[in-house]
Each structure stands twice: as structure tokens, then as C-alpha cells.
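> Shown below is the structure under consideration.
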Amino acid sequence: MAKTTPEPIRDPASDRLLTPENCALVLIDYQPEQYRSVTSSSSEEINLNVVALCRFARAYGVPVIVSTVGVDMGVNTGTAEEIMAELPGDQKEIDRTGVNAWEDAEFRAAVEATGRRNIVIAGLWTEVCLTFPTLDMQAGGYHVYPVADAVGGISAVAHDQALERMRQAGATPITAIQFGSELMRNWARDSSPKFRAVLQWYFPKRFGLMREGKIG
């Protein structure tokens, strides 16, 4: 018998996997000054996957929190325009002075306000601005999902060891396309064209960057 209808949808709030209703996306310090010292991945590959995260979040209505460091102090500039262009025009950037976003009261309040306990998180660098809030949120009862292919560290060793440290603390590393697949879940659902639309942009873009030698 041909299968053309989706399986029953599990409770989207209590599902053990990520759903549009049970997670939030956090982006930390995607600022020009941070990119300059990242060597574990190219800026093109990082941006490809961060933009994919943003497109999936917008398509499925996942709350997004964006944070920066040192902008109000005049030390750094804001989030890369390529990323902000994928978010709603009223998307707020929460600036901080510290490297650990969880120590910033405004940032914590924004995460808490989502009401979500599953936090999909990406940031520069992997070993500092991504790791520290991940460790604190895990300790605070959140389940944190660092997006391994949307982040970068000052070296491959720094990036890899940071992911291992987060994993040992209970975090669950994922990838950008895995995030979208988990939100979509079933090709027969009425919402699956949202996922297809991102893939139809993603793979041509990725293959083009590969041909140009900008990503591996």
C-alpha cells in the first residue's frame, strides 16, 4: 500500500526531539571582529549554516535571540548584515560586556521569556562565547544543542575540544540541516514545503562555495 500521509504528530511540547513549539534559537557574537580570528572553518561556511538556521527558524516560527558583545562600549560592531537580513526587521540585538552571555541579565530574561527549555545555540568563538553559556544553561536545567557547523574557534583543536567539553556536560551537538529536518519531521506534512524551500537554496549555495574552494 502506498504511503502518502504522515504518521500522527507527537505532542510538540513534550516531544524528546526538537519541534517548532519546544525550542528557541540563540545566536551569539556573529560580529566582524570575531570572524577575523576564526580558523577552524571559513566565514563562508559558517554564514551558510547560520543563515540556514535563521531561515528554518523563520519558516517554522521558532523564537530567535541575538546577542553581541562590546558594541555599546564602542569596541565592536554589530551582527553581520548577512545574518540580520534573514531575521525580522524588529529583531533586537542584546549587547553585553562579558564573554558569557548567561551572566547578562537581559540575555537570561530573553531566553526565559521564550518559555522553551530546548535551546539551539550557535556563536563565535566555539570555545568561549558558545561554550560558557551552554555550560551554564545545561547546569540550569536547559537542554542545549550547539550547532557544530555554524560555529568556529581560533583553531581546529579549540573548536573540537570545546564541542567535547559541552558534550560531556550534557549538551547535544547538531548541524544546521539536522535542525531543519527535526523541525520538519515528515515529508507528507503540509508544512514540509517550508523545509524544501530552504534546501533548494542551501545545496546550490553550498556546492557553489565548494567549487570556489571556500568550503570543504
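The values are calculated or read from the model by the stated rules, or taken from the named source; none is laboratory data. Small disclaimer: the values here were computed from a predicted structure and weren't measured. Here the Cβ positions follow ideal geometry from the backbone for every residue, glycine too, while neighbour counts run over all protein chains shown. To get the accessible areas, we keep the full protein, side chains included, count just its heavy atoms, and leave off ligands, DNA and RNA. Shrake-Rupley method; radii C 1.70, N 1.55, O 1.52, S 1.80 Å.
> Using a 1.4 Å probe, what is the accessible area per residue for the chain, in Å²?
With the other protein chains kept in place, the chain gives 47 Å² per residue.
> Can you tell me the order of 195-202, 2-9 when each peptide is scored by its average per-residue count of other Cβ atoms within 10 angstrom, highest first?
Output ranking for 195-202, 2-9: 195-202, 2-9.
> Could you work out what % of the accessible surface of segment 77-205 is carbon and sulfur, using a 1.4 angstrom probe and leaving DNA, RNA and ligands out of the count?
52 percent
> Per-residue HN-Hα couplings for segment 90-100, Karplus 6.51 cos²θ - 1.76 cosθ + 1.60 at θ = phi - 60°, whole Hz, x for Gly and Pro?
So the J values, rounded to whole Hz, are 9, 4, 8, 9, 8, 8, 9, 10, x, 7, 9.
> A further question follows. Separation of segment 151-216 and segment 99-131 by C-alpha centroid, Å?
19 Å
> Provide the gained length on full extension for the span E82 to S155, in nm with one decimal, where the gain is 0.36 nm per separating residue minus the Cα-Cα distance.
Working it through step by step, the gained length comes to 23.9 nm.
> Something else now. Any idea how many Lys pairs in the chain come in under 29 angstrom at the alpha carbon, given 8 or more places apart or on separate chains?
Count of close lysine pairs: 6.
> Quick one: which residues, 5 or more positions from D95 or on another chain, have an amide H under 5 Å from its amide H? H modelled 1.01 Å from N in the peptide plane, none for Pro or chain starts.
When sequence neighbours closer than 5 places are left aside, the close amide H contacts are T68.
> Please list 3J(HN,Hα) in residue order for segment 122-127, calculated via the Karplus relation 6.51 cos²θ - 1.76 cosθ + 1.60 where θ = phi - 60°; whole Hz, with x for glycine and proline.
Whole-Hz 3J(HN,Hα) from phi for segment 122-127: 8, x, 10, 7, 4, 7.
> Which FRET efficiency, nearest 0.05, do K214 and R58 yield, Cβ-Cβ r, R0 35 Å?
Step by step, r from the Cβ atoms, then E = 0.90.
> Further, regarding this structure: In terms of modelled amide H atoms, which long-range or inter-chain residues lie less than 5 Å from the amide H of N76?
V71
> Further question on the same structure: What is the set of long-range amide H partners of V26 at a cut-off below 5 Å, with H atoms built 1.01 Å from backbone N?
Residues meeting the amide H criterion: I65, V120, I121, A122.
> Quick one: Karplus J couplings for segment 47-53, per residue in order, coefficients 6.51, -1.76, 1.60, θ = phi - 60°, nearest Hz, x for Gly and Pro?
Listing the rounded values in order: 5, 3, 7, 5, 4, 4, 4 Hz.
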